[in-house]
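For reference, the structure is listed below as structure tokens.
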Amino acid sequence: MNGAVISPAVIEGNGDLELNVHDYMISQPLAIIGIRWIGKSYEAGKMCEQLCEVKQPFVVIDPEGEYWTLKERYPVIVAAVGKPVGRPKGYKADLIVTSETAATLARRIAEKGYSVVLDSRNATMADQYAVLGNFLEALYEAEGQYNRPLVVFMEEAHVLIPEIGRVRLPGIKKLQDKVIYWAWEVAARGRHRGLGYVCIARRAAEVAKAVLSQCPTRFIFKLVDPADLSWLRESGFTKEEIDEIQKLPKGTAFVRGLTAEHIKVRSKERICTHGGKTPIAKAVETPELEHAIADLSKIVKAPLEAPAAVTEEVLKRVEALETERKQLLSKVQSLESRLSEATTGKESLSLEAEGLRTRVKELESQVLTTEEKSKLLGKIQALENQVSDVQGRLTETQKIAGEFEEKFEKIRQLWGDWADLIVETADHLDLELIPKDVKALQEERDRYKAELETYRREDELRKELFQQTLEDSNIKSWIRDAEAFLQDLKRRGQAGSAVLKACLRMDPEVTFLPEEIQTG
């Protein structure tokens, strides 16, 4: 291997993990992925400490302000984006950087090989993206000129370069897109200029895939989100390894890309205080660091000086601009309202037009061509001829059937006459054509049939009389009176119940009318 070697972690049961800086941090990007508070920034901080030990320059893009404590032991410059207020005791920014001075700072870092923490904890979103976009662009271009090996650490990559941007303001969205583009340039092509890249993020699924896919070496700390676990499967981890990754303790990770097999490692203890805690020692001061700070402060025009007093003319100008801003805002709102109405109208017309087009297509599909019409008329005529032919044959068949029916009827009559004659002859000659017991059964059957027919006629007559009775107006009136009487008994409660019981105990052979019952 060529170049310096660092050892930021320990392989479980197999000694130190050794990383060749040139091979695994500059020639190809590296990613550190894990949930919050699991040790990924701690591991990145350990890498920075060891890069300082081997005198390898680096830049940390630090949105959370966690890397300034490197100053405890090493000549690292802290460049703050935004005014550094509300920071822990002992915090000190060496210089302030703005979007106007970011490019100058980047070029000087590439030229001199300074190690810098770009601390944007106190920056607004707009300032942060404006500074980072200009800084990364200038750094990439300057490295093409100086070709000095430099490692760029990007913390909170899932926020700075997301796969799906959540920024909606057009101005800030444009600045964010610039950062994403130059981050990709650094990750994908920076190695040709000596520019390395380390991506640090909580969620693999939320980092821009175009950037993360450039990182073949990956430190995987604990992950639990289903989307991240799916990414692990796609990265070649087995089910057993994924199950173990979900349970990894703080400071432990799997490393992919160094060998054919995944390696399980544990972060080494840091020398400097980690995160935003108060430093354990006074910041290191060396002539080299003092010279670097003076050099950078000079080129960024000492932005720590107090601002000049605001004049009355400036105040008037501000008021005028504010008035103009409100007017423009009102116009924008009016135009947006009109645009919304126009858009709604356009959508409505589009839907109507689409419906009409669909209807036209349906009608066109139903319209017959001359050739199709001619074919259909021919088929209709042929069918009519077939129907006429069938009707003729049907008439002839019906005629023949009628003749046969007449002949069969005559045969039935003759057969009946012959049967009667045979029976009478048998009676006269005292011949037993039909056994007596069978004949008795036939006579009994005929008698039962006659009785059944009598009962049927009586039942029909009874139903008819019953229906006539129900339809009688006097009967209907009596039923209504009875229903009203029973409802009255029901409303009377216990008294009504007693009356009803008395009625039920009466002799069922005695008939009575509702009005004959005394209700009291």
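For the reader, a short list of remarks on this structure follows.
- Among the residues of the stretch 192-205, those identified as in a helix (DSSP H, G or I) and either among the small types (G, A, S) or buried (at least 19 other Cβ atoms within 10 Å of the Cβ) (or both) are R193, A204, A205.
The rows are residues; the columns are (1) β-branched (V, I, T); (2) under 20 Å from T217 (Cβ atoms); (3) modelled with pLDDT under 95.
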{"site": "T252", "(1), (2), (3)": "yes, yes, no"}
{"site": "L258", "(1), (2), (3)": "no, yes, yes"}
{"site": "E261", "(1), (2), (3)": "no, yes, yes"}
{"site": "V265", "(1), (2), (3)": "yes, yes, no"}
{"site": "V284", "(1), (2), (3)": "yes, no, yes"}
{"site": "A294", "(1), (2), (3)": "no, no, yes"}
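- If you go through the stretch 1-22 and keep only what is in a loop (DSSP other than H, G, I, E, B) and closer than 18 Å to K250 by Cα, you end up with E12, G13.
- Residue in the stretch 23-39 that is assigned to a loop (DSSP other than H, G, I, E, B), in the same structural domain as I293 (by TED's automatic domain parsing) and of a type in the set (S, T, N, Q) present: yes
- Neighbours by Cβ (under 8 Å, 6+ apart or cross-chain): first from the stretch 104-124, under 13 Å from E155 (Cβ atoms) and modelled with pLDDT of 95 or more; second assigned to a helix (DSSP H, G or I) and β-branched (V, I, T): L118/V131; S120/V131
- In the set (1) in a loop (DSSP other than H, G, I, E, B); (2) at pLDDT below 95; (3) out of contact with any helix residue (DSSP H, G or I) (no Cβ under 6 Å at 6 or more places or on another chain), V167 fails one condition alone, (3).
- Consider the stretch 1-30 and keep the residues that are surrounded by fewer than 23 Cβ atoms within 10 Å (Cβ to Cβ) and of a type in the set (G, A, S). The one that is modelled with the lowest pLDDT is G3.
- Screening A106, A79, A126 for residues that are small (G, A, S) and surrounded by fewer than 23 Cβ atoms within 10 Å (Cβ to Cβ) leaves exactly one candidate, A126.
- Within the option set K55, K92, K71, being buried (at least 23 other Cβ atoms within 10 Å of the Cβ), of a type in the set (K, R) and over 43 Å from the mean Cα position of the chain (by Cα) holds for one residue only, K71.
- Residue satisfying condition, being touching a residue at least 40 places away in the same chain (Cβ under 8 Å) and more than 30 Å from K209 (Cβ to Cβ), within set E64, E43, E49: E49
- Scanning the stretch 238-251 for residues that are touching a strand residue (DSSP E or B) at 6+ places or on another chain (Cβ under 9 Å) and under 20 Å from C215 (Cβ atoms) returns E241, I245, L248.
- Per this entry, F237 is counted among residues that are outside any helix (DSSP H, G or I) and either farther than 21 Å from R266 by Cβ or without any contact (Cβ under 8 Å) to a residue 40 or more places away in the chain (or both).
- Listed by first and then second residue, the pairs with beta-carbon distance under 8 Å, at least 6 apart or on different chains, first residue in the stretch 158-173 and surrounded by 16 or more Cβ atoms within 10 Å (Cβ to Cβ), second basic (K, R), are H158/R202; H158/R203; E163/K209; V167/K173.
- Residue in the stretch 45-63 that is modelled with pLDDT under 95 and at positive phi present: no
- Cβ pairs under 6 Å, 6+ apart, first in the stretch 451-478 and among the hydrophobic types (A, V, I, L, M, F, W, C), second in a helix (DSSP H, G or I): I475/T469
- Applying the condition of being surrounded by fewer than 22 Cβ atoms within 10 Å (Cβ to Cβ) and either of a type in the set (A, V, I, L, M, F, W, C) or touching a helix residue (DSSP H, G or I) at 6+ places or on another chain (Cβ under 6 Å) (or both) to the stretch 31-50 and asking which residue is farthest from R270 (Cα to Cα) yields I35.
The values are calculated or read from the model by the stated rules, or taken from the named source; none is laboratory data. The structure presented is a predicted model; accordingly, all values stated were derived computationally and were not measured. Please note: Cβ atoms are built from the backbone with ideal geometry, for glycine as well, and neighbour counts cover all protein chains shown.
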